[in-house]
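**Q** Just dropping this structure here.
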Amino acid sequence: MPAKLKTTPGQNVNTFEPGKTITLKMLSSHLGLSIAAVSRILNGSPAARSIAPAIQERVFKAAKELGYKPNVFARSLRSRRSYTIGVMVSEVSEGYATLVLSGIEQQLLQEGYFYFVVSHHHRKDLIAESQNLLMARGVEGLVTVDSPLAEGLSIPTVAVSGHDQRDGITNVVINHGRAAMMALSHLQELGHRKIAFLIGQAHTSDSSSRWEAIVVAARNLKLEINKDLVVRLEGDDPTPEPGFRATQKLLSSGAEFTALFAFNDMTAIGAMSALREAGRSIPEDVSVVGFDDIQTAGFLNPGLTTVRQPLKKMGILAAQTVLRQVQSPNDPLHAARELIVEPEFIVRGSTGPCRQSSANGRPVRKS
């Protein structure tokens, strides 16, 4: 049960001189609380959990109103801590990584932590160098995003879309089985049986897990996967270009398909462009499903039907988890090996009923 602290009204907010630097002592005096209690609350100390939520809220409100800015450098010297978290990403561009980073940033800043971000573009040498670089700068924890680790670290580590089953690593992952089942069930209900798949590059963390989930879901739905309709993305370009090239390859093969399930939304955007270039209408000729629900997915024409990963939420969860592990390293409640996040399925205009086929296999409109 939260402890009850005795408080007395302090100095009125308006009596502080304009422009005067507000110290922790002044803030504590204003609130009628001890310096130690206010410090614990503002620093997110585990000891602050015993303080009543109403008092914590009053402290944060007063700190904001008075413009209190903690002296991070002084705090680090006193505690011999860096209050810094390392963040490793494959690349920084529109889409997946940006949304995850926004959640990580929001949570770290809210709890008074600084962070370093490094990108490695899936180069093994850069992944190893990045780990060493961050460790050398005294980070207290590490959050990785689509970043297979070369080796385990001696600090708390949380991996978004991580699949390395190693001691000391907590993986934050989407429920791929549910995601695949929702997407394929949707296409099946629309009458699609000839479904093409653009699967992720071999170096991308989620590629294997997502494809394995699709295979299982297709088997359970009794949908046949034609190997001629499966194309792997190539290269490390984070733009729609790999999806465009993969769809061109699919079209040039002459294989018939009425729907396409892309590895992610960027891939789906590239696929839609290639389909239009080839004279295929969406969704009249080919229905397209993406994965992620990036910010632009709903503003395409037509809007993209997609599996929504709560990417910002996953970033917040990863940051919360690593900070709890930093602050309470021996607490088993924060030592989970895997945190599973549930997806949503967002239906927009890029999917529609499957047309009947003509004698030559080309789709025709129903009368």
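The values are calculated or read from the model by the stated rules, or taken from the named source; none is laboratory data. Please read all numbers here as calculations on a predicted model, not as lab measurements. Note: ideal-geometry Cβ built from the backbone for every residue, glycine included; neighbour counts use all protein chains shown. Surface accessibility is based on the protein's heavy atoms, side chains included, excluding ligands, DNA and RNA. Shrake-Rupley method; radii C 1.70, N 1.55, O 1.52, S 1.80 Å.
**Q** Are there any strands (runs of 3 or more DSSP E) wholly within region 136-251 with 1 or more residues that are more than 18 Å from HIS121 (Cβ to Cβ), modelled with pLDDT of 95 or more and of a type in the set (Gly, Ala, Ser), and if so which?
**A** Ranges flagged: 195-199.
**Q** Still on this model: Any residue at all in region 305-319 that is farther than 26 Å from ILE104 by Cα, open to solvent by less than 50 Å² (accessible area, probe 1.4 Å) and in contact (Cβ under 8 Å) with a residue 12 or more places away in the chain?
**A** Scanning region 305-319 turns up at least one residue that is farther than 26 Å from ILE104 by Cα, open to solvent by less than 50 Å² (accessible area, probe 1.4 Å) and in contact (Cβ under 8 Å) with a residue 12 or more places away in the chain.
**Q** Being polar (S, T, N, Q), within 22 Å of GLU105 (Cα to Cα) and either at pLDDT 85 or above or open to solvent by 50 Å² or more (accessible area, probe 1.4 Å) (or both) is the requirement here; does THR84 meet it?
**A** Yes.
**Q** Additional query: State whether one or more residues within region 255-277 are of a type in the set (Lys, Arg), in contact with a strand residue (DSSP E or B) (Cβ under 6 Å, 6 or more places away or on another chain) and open to solvent by 40 Å² or more (accessible area, probe 1.4 Å).
**A** no
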